[in-house]
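Asker: Mind having a look at this structure? Questions to follow.
The values are calculated or read from the model by the stated rules, or taken from the named source; none is laboratory data. As the structure is a computational prediction, the values presented were derived from the model and not from experiment. Cβ: placed from backbone, ideal geometry, glycine included. Neighbour counts: every protein chain shown. Accessible surface areas use protein heavy atoms only, side chains included; no ligands, DNA or RNA. Shrake-Rupley method; radii C 1.70, N 1.55, O 1.52, S 1.80 Å.
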Amino acid sequence: MTSGSELFSEEQFYDDLTLNLIKSLDWIPGVHNIKLDKRQPCEKTSILAWEQRQCCQLPLDLKNFYLSVDGFELTYDFRYAGELLTVGRLCINSLMDLRRIYGYSIIEQSGELLPSLKDLDIVNTVEGKPSFGPNSKIFELDYNEGVSMVCLVYNDSSHAQEIWFLDRSLNWFKLASNFSQYFRMMLYHHGLPEWQFLHVGIGLSPWAEQLMIAIAPHLVSPEPAKKVVSRSSEPQIDPNIFKVRHKLSKKNKDKKKYLK
């Protein structure tokens, strides 16, 4: 049986990881069915195997994330025009689903033929796009079906490990300089539909804008959200919370071994 202190520690971990977003959502009228998928940490051996298979190292912040929790998913519903709709979605793929998507062949997904990333490279006209050279590596961090893809990009030219956004027009946009910054941006925007569009110069659909006004009006204030979220005064994710989860996980494993 899990002790009260361990339950509190796990609850505290998720409160710190989400910057108390769940408690904030509870106070918003119309928000219902907040669901958080609590996952176990990845084994170090699993991370090492992934790095060896992909011939690259995970960024330190993302590695610490996976050592504390194997992916992340938080969803919630909102009553809109008399209907209860799932509108909030905050997701980071599990380590197993952190798949490399760079390739030269046509991809078939859900019965739909999609262009390869080489095709996207040819048609993409955005300055500063990732370079799909022989040493580039692009991994799927999150996929919002039919809308966008968020990727961890190892850029061939700079070897940076950045977070990029592939929109439905098949154009690339840099979202964040590192995983921690992206995760904080996702929390700040409550995982609302099309929130990334605020950072890449794409206009929101009327439906998405109405949701933001209803749930998080600060996101559509006159001051650009991109400037607000990048301020050093904004709440930061404390890296020490990952160390706490590591200790808790090890403690639980040792306890199970003893009970056997």
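Asker: Pairs needed: first member in the stretch 67-81, open to solvent by 30 Å² or more (accessible area, probe 1.4 Å); second member anywhere, part of a loop (DSSP other than H, G, I, E, B) and acidic (Asp, Glu); C-beta distance under 6 Å; at least 6 residues apart or different chains.
Answerer: Glu73/Asp37
Asker: Does the stretch 43-64 hold any residues that are under 16 Å from Lys137 (Cα atoms) and assigned to a helix (DSSP H, G or I), and which are they?
Answerer: Filtering the stretch 43-64 down to residues under 16 Å from Lys137 (Cα atoms) leaves 50-59, 62.
Listed by number, the residues that qualify are Trp50, Glu51, Gln52, Arg53, Gln54, Leu62.
Asker: Does the stretch 128-171 hold any residues that are of a type in the set (Asp, Glu), closer than 17 Å to Val200 by Cα and at pLDDT below 90, and which are they?
Answerer: Correct list: Asp167 only.
Asker: Moving on to the next point. Step by step: first the residues of the stretch 38-47, then only those that are surrounded by 14 or more Cβ atoms within 10 Å (Cβ to Cβ) and of a type outside the set (D, E, K, R), then the one that is nearest to Leu17 (Cα to Cα). Which residue is that?
Answerer: That would be Pro41.
Asker: Under 6 Å between Cβ atoms, at least 6 apart or on separate chains: pull out the pairs that start in the stretch 30-44 with a residue that is closer than 14 Å to Ile92 by Cβ and end on any residue that is charged (D, E, K, R) and surrounded by 14 or more Cβ atoms within 10 Å (Cβ to Cβ).
Answerer: Asp37/Glu73; Arg39/Asp70; Cys42/Asp70
Asker: Out of all the residues in the stretch 68-75, is one or more over 21 Å from Ile138 (Cβ atoms), assigned to a helix (DSSP H, G or I) and at pLDDT below 95?
Answerer: Within the stretch 68-75 (the criterion being over 21 Å from Ile138 (Cβ atoms), assigned to a helix (DSSP H, G or I) and at pLDDT below 95), the answer is yes, since at least one residue qualifies.
Asker: Same structure, new question: Restricting to the stretch 80-95, count the residues that are modelled with pLDDT of 95 or more and either in a loop (DSSP other than H, G, I, E, B) or of a type in the set (Lys, Arg) (or both).
Answerer: Going through the stretch 80-95 one residue at a time, the tally reaches 4.
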